[in-house]
Amino acid sequence: MRRIQWSSENEVFIAQIDAEHRDLFQLAEGFERAVTQHAPPLAIREHLSAFAAHVAEHFSHEEWLMQSVEYPSYGWHKQQHETVRRRLKLLGPLIESGDSEATSLFLEFLANWLNDHTSVTDRMMAAYVRNYERAHATNAFERWGAPARPLPSPANVHATVAETLETGPFPKTIRFCRICNRETTHEIKARGLVCQKCVERSVSADLDRD
Ligand SMILES: [Fe+2]
């Protein structure tokens with residue numbers, strides 16, 4: 001069985017998304033560790049619900065980001081997120097009740113999904129977002145605050161768009177950069193999870209690949 005572990009292959013070169021992915025992998029790893037080390041049921045439940053909460057937050061960020069640039073493969077990408085949401089809904093209660101078969105089914109699914117989704121689907125999304133941002137001289141934090149653009153097909157509309165528009169997709173204030181852990185400047189505090197230096201590092205790592 002594949003182990004859940006973040007590697008540079010999972011990097012998508014958008015600092016904010018990469019920071020969230022590292023958190024996602026870390027929470028999934030914590031859940032896996034709790035299961036394999038036969039932690040008490042309460043600890044396993046806590047790990048799973050921390051993971052599920054981050055999944056919900058992170059997916060809504062990515063979905064907002066895709067909508068804000070009218071990403072053509074939004075529907076396909078969101079379907080992959082829905083698969084995880086459905087599995088969590090279906091298997092979550094069984095895992096919480098101590099069903100070991102459901103737990104190993106979910107872990108196996110998760111290890112493959114996390115790796116395949118971030119290294120292929122999220123990379124494709126990130127490449128499109130970066131190209132859009134270069135071509136339009138904009139960035140996510142400038143678009144945040146502007147209403148998300150309508151999607152080409154109503155079937156693709158995300159159910160929580162209204163909430164997303166109301167609150168904006170990212171927390172308004174944060175004290176420490178999620179990547180380098182340094183205290184952030186006032187400007188960054190108001191703009192996102194990652195400090196400007198880490199954003200720049202991520203952009204130049206991407207440019208080096210061109
Ligand atoms: Fe995604």
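The values are calculated or read from the model by the stated rules, or taken from the named source; none is laboratory data. No experiment lies behind these values; they were computed from the predicted model shown. Neighbour counts are summed over all protein chains in view; Cβ atoms, including those assigned to glycine, are modelled from backbone coordinates with ideal geometry.
Would you call Phe51 among the aromatic types (Phe, Trp, Tyr) and within 16 Å of the ligand (Cβ to nearest atom)? Give the steps one after another, and end with the answer.
Working: among the aromatic types (Phe, Trp, Tyr): yes; within 16 Å of the ligand (Cβ to nearest atom): yes.
Yes; evaluated as a whole, the condition is true for this residue.
Is it fair to say Glu63 is in contact (Cβ under 8 Å) with a residue 60 or more places away in the chain, within 15 Å of the ligand (Cβ to nearest atom) and among the acidic types (Asp, Glu)? Working first, answer last.
Working: in contact (Cβ under 8 Å) with a residue 60 or more places away in the chain: yes; within 15 Å of the ligand (Cβ to nearest atom): yes; among the acidic types (Asp, Glu): yes.
Yes.
Do we have Leu105 as part of a helix (DSSP H, G or I) and surrounded by fewer than 20 Cβ atoms within 10 Å (Cβ to Cβ) here?
Against the criterion (part of a helix (DSSP H, G or I) and surrounded by fewer than 20 Cβ atoms within 10 Å (Cβ to Cβ)), Leu105 qualifies.
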Review point. Pick from the stretch 117-142 the residues that are modelled with pLDDT of 95 or more and among the charged types (D, E, K, R): which of them is farthest from the ligand (Cβ to nearest atom)?
Key: Arg123
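Does Ser68 satisfy being more than 23 Å from Ile44 (Cβ to Cβ), of a type in the set (Ser, Thr, Tyr) and either more than 15 Å from the ligand (Cβ to nearest atom) or surrounded by 13 or more Cβ atoms within 10 Å (Cβ to Cβ) (or both)?
yes
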